[in-house]
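Asker: Okay, handing you the structure first.
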Amino acid sequence: MRDNGWLEKQLQYLLKKNFADVVISNPLEIKFGREAKYRFGSIRLVKPRKLRGFRVFRKLRDLRDEKPQRSIITITSLFAKESVPVEVVHYTIAHELCHYAHGFSSANRRLFKYPHHGGIVNKELTRRGAHHLISAFKKWLKIYRAQILSGRISV
């Protein structure tokens, strides 16, 4: 069984190999989330909570150390199973890193209006030399969908 530590190593590997030029403007975290049939990954921007209320508490807010906003990549726990190929997990992480690089759920400047318009994610992955991940993912997805339709996989 794979764990969050393994997932962090895969993230660092992909950042060095394919996304070395991306500016990490806010901290990136990665973790396994709940198991899902159709959503394999997501990225979201978490901003620090602000104190509301009395003026005294507002002054305390200025005194405390402010946590920076961070981006959290969540991967389905379906991928924690060893039966899922590593290339599929790499593709999903790289897909979310493309969103990060394009300014979605990150502090970077947003480059596009919509996150998937015109196949920009796969074009970006191809440009970064990760075309083999796309083909491995598509091959696995075809088998996975057939298993879902036949009722062999339940979540």
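Just so you know, all these numbers are worked out from the coordinates, no wet-lab data involved. Since the model is a prediction, treat every value here as computed from it, not as a measurement. Cβ placement follows ideal geometry from the backbone for every residue including glycine, while neighbour counts extend to all protein chains displayed.
Asker: Remind me, relative contact order of the chain in percent, using alpha carbon pairs under 8 angstrom and six or more residues apart?
Answerer: Relative contact order, the chain: 26 percent.
Asker: Still on this structure, please answer the following. Within segment 120-155, list the trypsin sites (Lys or Arg not before Pro) lying in a DSSP loop whose Cβ has at most 10 other Cβ atoms in a 10 Å radius. Kindly include the intermediate steps, with their values, before the conclusion.
Answerer: Values: sites: Lys123, Arg127, Arg128, Lys138, Lys139, Lys142, Arg145, Arg152; in loops: Arg128, Arg152.
In loop regions of segment 120-155 (DSSP not H, G, I, E or B), the sparsely surrounded trypsin sites (Lys or Arg not before Pro) are Arg152.
Asker: For segment 19-25, just list the computed ³J(HN,Hα) in residue order, Karplus coefficients 6.51, -1.76 and 1.60, θ = phi - 60°, integers in Hz, with x standing in for Gly and Pro.
Answerer: Computed from phi, the couplings for segment 19-25 are 10, 5, 8, 6, 7, 8, 7 Hz.
Asker: Starting from the exponent 0.38 and prefactor 2.2 Å, build the expected Rg for segment 4-150 from its residue count and divide its actual Cα Rg by it. Write out the running numbers ahead of the final one.
Answerer: Numbers: Rg = 17.9 Å, N = 147, 2.2 N^0.38 = 14.7 Å.
After normalising by residue count via 2.2 N^0.38 Å, the value is 1.22.
Asker: Still on this structure, please answer the following. Any idea what the dipole of the chain comes to, in debye rounded to 20, about its Cα centre with Lys/Arg Cβ at +1 and Asp/Glu Cβ at -1?
Answerer: On the way: 32 positive and 12 negative charges, 146 e Å.
With only Lys, Arg, Asp and Glu charged at Cβ, the dipole is about 700 debye.
Asker: Calculate for the chain the 222 nm mean residue ellipticity that helices alone would give, adding -39,500 (n - 2.57) per DSSP H run of length 4 or more and normalising by residue count, nearest 500 deg cm²/dmol.
Answerer: Computed ellipticity for the chain at 222 nm equals -14000 deg cm²/dmol.
Asker: Follow-up. Out of all DSSP beta bridges with both ends in the chain, state the antiparallel percent to the nearest 5.
Answerer: 55
Asker: So what does log10 I(q)/I(0) come out to for segment 93-155 at q = 0.12, 0.22 Å⁻¹, using the Debye formula with one equal point on every Cα and no solvent?
Answerer: The Debye formula, applied to the Cα set alone, gives -0.41, -0.88.
Asker: Just add up the charged neighbours of Phe19: K/R +1, D/E -1, any other residue whose Cβ is under 13 Å from the Cβ of Phe19.
Answerer: Working: positive: Lys16, Lys17, Arg127, Arg128; negative: Asp21, Glu96, Glu124.
Net of charged neighbours comes to +1.
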